[in-house]
1. Pick from region 22-70 the residues that are in a helix (DSSP H, G or I) and of a type in the set (D, E, K, R): which of them is farthest from Gln7 (Cα to Cα)?
2. Scan region 55-84 for residues that are out of contact with any Lys or Arg (no Cβ under 7 Å at 6 or more places or on another chain), in contact (Cβ under 8 Å) with a residue 12 or more places away in the chain and of a type outside the set (D, E, K, R) and jot them down.
3. Only residues that are part of a helix (DSSP H, G or I) and either touching an Asp or Glu at 6+ places or on another chain (Cβ under 9 Å) or open to solvent by less than 50 Å² (accessible area, probe 1.4 Å) (or both): list them for region 12-21, please.
4. Checking the structure you have, find out if any residue of region 11-29 is out of contact with any His (no Cβ under 8 Å at 6 or more places or on another chain) and touching a residue at least 12 places away in the same chain (Cβ under 8 Å).
5. Sort through Phe60, Phe75 and tell me the only one that's over 30 Å from Leu13 (Cα atoms) and of a type in the set (Phe, Trp, Tyr).
6. Restricting attention to region 22-43, report how many residues are open to solvent by 50 Å² or more (accessible area, probe 1.4 Å) and of a type in the set (Gly, Ala, Ser).
Amino acid sequence: EYIGLSQNYICSLFSNETGLSIHNYIQREKISISCNLLKFSDRSISDISSYMGFQTQSNFTAIFRKWMNMSPSEFRKKNYKEVF
């Protein structure tokens with residue numbers, strides 16, 4: 001309202017620039033951060049899903065699978081690196 005543009009118009013501009021809806025962009029970014037947490041921390045998947053703001057671990061797993069084509073536990077098994 002402050003800048004005189006509707007929410008729908010701003011969403012449309014964002015989508016045209018990024019190729020993603022705002023919702024999908026946020027999901028992608030959350031999953032990207034989650035991947036780093038899975039790689040470089042020993043936090044549980046439940047803790048990570050909570051930290052990233054997902055309502056349930058099963059919701060987190062479903063969205064993670066959508067973007068990464070594997071479950072968070074599968075991702076961790078393939079990519080975990082101990083940090084000293």
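1. Lys39
2. The answer is Gln57, Phe60, Thr61, Ile63, Phe64, Met68, Pro72, Ser73, Phe75, Val83.
3. Result: Ser15, single match.
4. yes
5. Selected residue: Phe75, the only one of Phe60, Phe75 that is over 30 Å from Leu13 (Cα atoms) and of a type in the set (Phe, Trp, Tyr).
6. Going through region 22-43 one residue at a time, the tally reaches 1.
The values are calculated or read from the model by the stated rules, or taken from the named source; none is laboratory data. It should be emphasised that the depicted structure is a prediction, and the values quoted were computed from it without experimental measurement. Positions of Cβ are backbone-derived with ideal geometry, glycine not excepted, and every protein chain shown enters the neighbour counts. To get the accessible areas, we keep the full protein, side chains included, count just its heavy atoms, and leave off ligands, DNA and RNA. Shrake-Rupley method; radii C 1.70, N 1.55, O 1.52, S 1.80 Å.
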